[in-house]
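A short reminder: the numbers here are calculations on the coordinates, not readings from a lab. Worth saying up front: this structure is predicted, and the values here are computed from it rather than measured. Quick reminder, even Gly has a Cβ in these numbers, built from the backbone with ideal geometry, and neighbours come from all protein chains shown.
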Amino acid sequence: MPAWLRYALIRVGTFAVVLIVLLMLGIDWLWAALIAAVIGFCVGFIFFRRQRDQVAEQMANRRPRRTSDESAEDAADES
């Protein structure tokens, strides 16, 4: 399973669990959704760093690397 998909499922799952708990407590659905979004973000940011780093690494590897010749050409074009 790709890292981005695993990370997305973890984040959506965290949001869903918190949302369901808040709705079961009788909180209005709009407030529950907002609170679940904030809590889901915080939990994902704090506890899922390894998965987030894997996604960032995969995204960085997909981008083509610039060679030093291209960088020199860009610098020459700008001046």
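The table below lists the values:
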item: Calculated from backbone phi, Karplus (6.51, -1.76, 1.60) coupling profile of the stretch 46-60 in Hz, x at Gly/Pro; result: 7, 9, 10, 5, 4, 5, 5, 5, 5, 5, 4, 5, 5, 5, 5
item: Kirkwood Rh in Å, taken over the stretch 3-61 so that all alpha-carbon pairs contribute; result: 12.1
item: Those trypsin sites (Lys or Arg not before Pro) in the stretch 32-65 that DSSP places in a loop and that have at most 14 other beta carbons within 10 Å; result: Arg65
item: Cα lying deepest toward the dipole's positive end in the stretch 3-61, options Ile20, Val55, Ile10, charges on Cβ; result: Val55
